[in-house]
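The values are calculated or read from the model by the stated rules, or taken from the named source; none is laboratory data. From a predicted model like this one, the values you see are computed outputs, not experimental measurements. Note that each Cβ is placed from the backbone with ideal geometry, even for glycine, and that neighbours are counted across all protein chains shown.
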Amino acid sequence: MTSSETVPCPLRAASFASPDAPAVMGPSGTLTYAELDNRVSAAAVNLAQMELGTGDRVALYLPKDDRYIVLLLAMIRTGIVACPMSARFPPAGVAPLLRKAACSALVSEDEELFQAVGGAVRKLRPQELLKAGLDRTESVNPLEIPLSRPATVVFTSGSTGTPKAALHTFGNHYYNALGSNENITLDAKRGDRWLHSLPLYHVGGLSILFRCLLAGVAMILPDPEASLGRSIAESCATHVSLVAAQLRRLLVEDADLGALKAILLGGSGIPDVLLDEAHGRGLPVHTSYGLTEMASQVTTTRPGASRDELRTSGAALCYRRVRVAEDGEILVSGETLFAGYLHEDGLEEPFDEDGWFHTRDVGEIDGEGRLRVAGRKDNLFISGGENVQPEEIEAELRRLEGVEDAVIVPVPDAEFGERPVAFVRMKDGDPPPPGIAAELETILPRFKLPGSFHGWPEDVGQAGMKVDRAFFRERARFLASEDG
């Protein structure tokens, strides 16, 4: 894309096409596309009056609600770079991220956060930016948005270190949504609506917003007190995005899921036991592979995919390219590839000479063009001179009777350098049975057999949308020191 290429503002276009159609539905009520467009226009005016404009970076640290969506869209419309901040970060942890993204202002209601960041940035409260909306007659002109214009900063999960600030252009989000909608269709005339089940500070949450805007369908903000199944049933959601932990919770609920047309699964590898149950119950699941640096999805399975196809991550969607290097690393490129990582001293463009981004994930592409992800290069370790890919062992553990989930991490070993250790979540909640090692021994070579098996920690967290491997590594080392 070139700097001169523009596209119609998706929100303005939807408000023209179907002004009375629902755009945002949630506990506080429903906003039509005309109402949402008016509120965004008003917020854009208020931002300009605050002398914030094109190129300024403004952080958002708010609960997920309609105000958040209005402010986010107003920033993108006016050329301000929106920087959604993770609610997982405590106030003291936000300040260095604001510096990394070079934010000039922060929108929040958190007084503790305002004190923690000090005088480094302007502090704005949402009510200052959400004053009275415009009349419909004041927002009737078409709007065009440059595809190459910076739009958002999304922080990576930080599972292997300090979170990185990924800068996306508007075109990255636009083409990601366009390609997704060509595979998983959204149709306002059929009453399609997507339950917003992911955080807005995560690239998966942003992608839901853009998909709905491009299709002119409703986005549903769930009641934070309601279960996932209840939210789907009561809102008659037709589409939902889930990670493995959410799918696990959904499958144990007694909820009416009959309205669902698509369940997009991402975040990390989905255990086979969950896929088997979901597919067996006739749920319309799609497996996928994506990453922050590609504005969300890269590959996704087709509607009605077979169980065998769902064991892959599907084929590349439109506007993306994916290939596997000789060493097995997955490389990606295309219209959805981010602009680079922000640092306090500028922008890092981590691409090779041909424009490919090296993901650090490893996998293969089968004869049908479908991607199979084996794991992370970062997770691989050497035990007794042999390469051990934790995800391979985890997959075999999840196939054993009674196992719901598993994580493999290395611990130091005097003889082998490092040895694998297993944390296993059993369906019945009990510790892993004594015979589990013998079962694995019939499947895996001895150097891949875990030296010990532990139950699932109750206090385990998530690194963004992924398993917090740093937590498991630390816990494994602590347990090893106790045993030693």
Inside the range 288-312, the number of residues satisfying the requirement of being under 30 Å from Asp276 (Cβ atoms) and either outside the structural domain of Phe357 (by TED's automatic domain parsing) or assigned to a loop (DSSP other than H, G, I, E, B) (or both) is 8
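Conditions tested, residue by residue: (1) farther than 14 Å from Leu52 by Cα; (2) within 25 Å of the chain's Cα centre (by Cα); (3) exposed (fewer than 15 other Cβ atoms within 10 Å of the Cβ); (4) modelled with pLDDT of 95 or more.
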| site | (1), (2), (3), (4) |
| --- | --- |
| Ala101 | yes, yes, no, no |
| Ala105 | no, yes, no, yes |
| Glu111 | yes, no, yes, no |
| Gln115 | yes, no, yes, no |
| Ala120 | yes, no, yes, no |
Within the range 313-345, which residues are crowded, with 23+ Cβ neighbours inside 10 Å and either in a loop (DSSP other than H, G, I, E, B) or at positive phi (or both)?
-> Ser313, Gly314, Leu317, Thr336, Leu337, Phe338
Where in the range 379-484 are there strands (runs of 3 or more DSSP E), lying fully within it, with 3 or more residues that are among the basic types (Lys, Arg) and not assigned by TED's automatic domain parsing to the domain that holds Val243?
-> none
Pick from the range 215-263, criterion over 22 Å from Asp276 (Cα atoms) and of a type in the set (Ser, Thr, Tyr), ranking: surrounded by the fewest Cβ atoms within 10 Å (Cβ to Cβ) = Ser227
Pull up the range 377-389, narrow it to residues that are surrounded by 13 or more Cβ atoms within 10 Å (Cβ to Cβ) and without any contact (Cβ under 8 Å) to a residue 60 or more places away in the chain, then point me to the one that is nearest to Ala316 (Cα to Cα).
-> Lys377
Scope the range 361-376; condition surrounded by fewer than 16 Cβ atoms within 10 Å (Cβ to Cβ) and either touching a helix residue (DSSP H, G or I) at 6+ places or on another chain (Cβ under 9 Å) or modelled with pLDDT under 90 (or both); matching residues | Glu368
Out of the residues in the range 3-16 that are in contact with a helix residue (DSSP H, G or I) (Cβ under 8 Å, 6 or more places away or on another chain) and not in a loop (DSSP other than H, G, I, E, B), which is farthest from Ala218 (Cα to Cα)?
-> Val7
Any residue in the range 459-468 that is of a type in the set (Gly, Ala, Ser), surrounded by fewer than 16 Cβ atoms within 10 Å (Cβ to Cβ) and without any contact (Cβ under 8 Å) to a residue 40 or more places away in the chain?
-> yes
